[in-house]
1. With respect to the numbered conditions (1) free of Cβ contacts under 8 Å to residues at least 12 places away in the same chain; (2) touching a helix residue (DSSP H, G or I) at 6+ places or on another chain (Cβ under 6 Å), which one is the sole condition not fulfilled by residue 390?
2. Would you call residue 278 surrounded by 16 or more Cβ atoms within 10 Å (Cβ to Cβ) and not charged (D, E, K, R)?
3. Checking the structure you have, find out if any residue of segment 399-414 is buried (at least 16 other Cβ atoms within 10 Å of the Cβ) and closer than 29 Å to residue 314 by Cα.
4. So residue 319 ticks every box in (1) within 17 Å of residue 415 (Cα to Cα); (2) crowded, with 21+ Cβ neighbours inside 10 Å; (3) modelled with pLDDT under 95 but one. Which box is left unticked?
5. Across segment 188-211, what is the total count of residues that are under 19 Å from residue 423 (Cβ atoms), assigned to a loop (DSSP other than H, G, I, E, B) and either of a type outside the set (Val, Ile, Thr) or in contact with a Gly (Cβ under 8 Å, 6 or more places away or on another chain) (or both)?
6. Quick one: which helices (runs of 4 or more DSSP H) lie wholly within segment 271-362 and hold at least 1 residues that are in contact (Cβ under 8 Å) with a residue 40 or more places away in the chain, farther than 30 Å from residue 226 by Cα and touching a helix residue (DSSP H, G or I) at 6+ places or on another chain (Cβ under 9 Å)?
7. Out of curiosity, is residue 468 in contact with a Ser or Thr (Cβ under 9 Å, 6 or more places away or on another chain) and farther than 21 Å from residue 161 by Cα?
Amino acid sequence: MLAAAFATSLGLTACEDFLDINDDPNNPPSSTPALTLPAGQGEVAYILGNQFQFLGNFFAQHWTQSGGANQYCDLELYQMTSSDYDTRVWAELYAGALNDFRYVADQATETNSPNYAAIGQIMQAYTFQVITDAWGDVPYTSALEGLTNLNPEYQSQEEIYTNLIVLLNEAIAKIDADAPVPASDDLIFGGDMNLWRKFANTLKLRIYLRQAYVRPDVAQAGIQEMYTAGAEFLGMGETADVPFANQTQNRNPFFQTQVTFRGGVDVVASNTALTYLQTTGDPRLDNFYAPAQTGANAGTFVGVDQGTECAPGRTGEQANTISKPGPSVASATTAVPLLTAAESYFLQAEAVARGWTNGVGVPSDLYAQGIRASFDYVGDNVAGVDALLQQPDVAYPAGGTVEAQVERIITQKWISFNGTQGFEAWTEYRRTGYPSFIELSAAASESVIPKRILYPNTESIRNQNYPGLKELSVAVWWDVKD
């Protein structure tokens, strides 16, 4: 399980003994790609499922702070500090996950294990995109040189995005159907290299579309090249996620933090998302949220306007009297998705709607498949999709402008990310401005929803190439749309 996977992360060493009989097989003195890969995958999942899950779902207004506590009022106030995502996020992603994936790729290359090398590089690309989307310009080329370079240079997000495509192309080229593959040590796909190829292609599609407003020519050319080459993407039931179990240290990280440690007193449904689900008659409502447990609204779905319980005049409404995150997103065994089948279909739908796929694909069909994949992932009956598609606010605007079609696609993508991919929901909102009905938190101390995370305080102290403070309101490179 994951606890064992983390124990094998690089940096853990055992005392040497001259007698082999005293070597502990559970604590080897050195690691291998098979031991290190699950550690890195688990580290990324913990960040996405914990700190970035809270941040993203609050900024995307799926969740808000209850009146019974104030643990996350800094998110509602837009008042994060340079220490909020420091050692537990920045350091874990760089010194933990990325070092692990670099080790996997390098060691696998030395031992002629191309499939391990491919996975290591694909996961490096995935993790670097998360990092640069959170902070903007960050260390990239010189980031993982250890003690040989204690002052890695910051590179522009534009340069990093270009290099991520190169890295993914190299990884895809290494996949070898005749070479040995990982098994249970690959927590995501169990060594299925066809799925890893699809994952890499889908990640490339995400990277290109992220540039749709800042480098449309590059995005279009890259996507057309993929379709000309016959690239395959993740499909129904092929979500890339990391599983968890109802065991100590193996529980879903959001559940562990919010339910096990905090008693479920903080996070409740935001009316921004809840009302949309209710207005459109979306059957996923009881997957994303649970009915209120006590009070006048017991047994019904009720939310809170974003940020009101962190603003003057807060009611102090207790969490149990409001809907909380539901069973599909807040159980001990909920997996943490890195890239869902639903997201894959919505990405494809946007690419087709923009006319960037050489005429391949029907955007309305891919849009509907995205919704079906979301239903399937949260355990709802996909038979309900057809009725949902008849709702005026859900039906695909086939005769509308390209931007109207993109808005509808992103809005349904936002719904599919509810409680599952919070960071990606916030990121896509920054890129597109959709859903267009999201407004500032009632407690907002700034005039704009944060557009980045502050660089960690440790960088300003330790790295001579630290670029200086970037305010939360300063957009990252690809965030250029009004």
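1. (2)
2. Taking the combined requirement at face value, the residue does not satisfy it.
3. yes
4. In the conditions (1) within 17 Å of residue 415 (Cα to Cα); (2) crowded, with 21+ Cβ neighbours inside 10 Å; (3) modelled with pLDDT under 95, residue 319 misses (1) alone.
5. Total meeting the criteria: 1.
6. 271-279, 285-288
7. On the way: in contact with a Ser or Thr (Cβ under 9 Å, 6 or more places away or on another chain): yes; farther than 21 Å from residue 161 by Cα: yes.
In short, yes.
To keep it simple, each residue is scored yes or no on (1) at pLDDT 95 or above; (2) over 18 Å from residue 54 (Cα atoms); (3) not acidic (Asp, Glu).
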position	(1), (2), (3)
78	yes, no, yes
103	yes, yes, yes
107	yes, yes, yes
113	yes, yes, yes
139	yes, yes, yes
149	no, yes, yes
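The values are calculated or read from the model by the stated rules, or taken from the named source; none is laboratory data. Not measured: the values here are computed from a predicted model. Ideal geometry is used to build each Cβ from the backbone, glycine not excepted, and the neighbour counts take in all protein chains shown.
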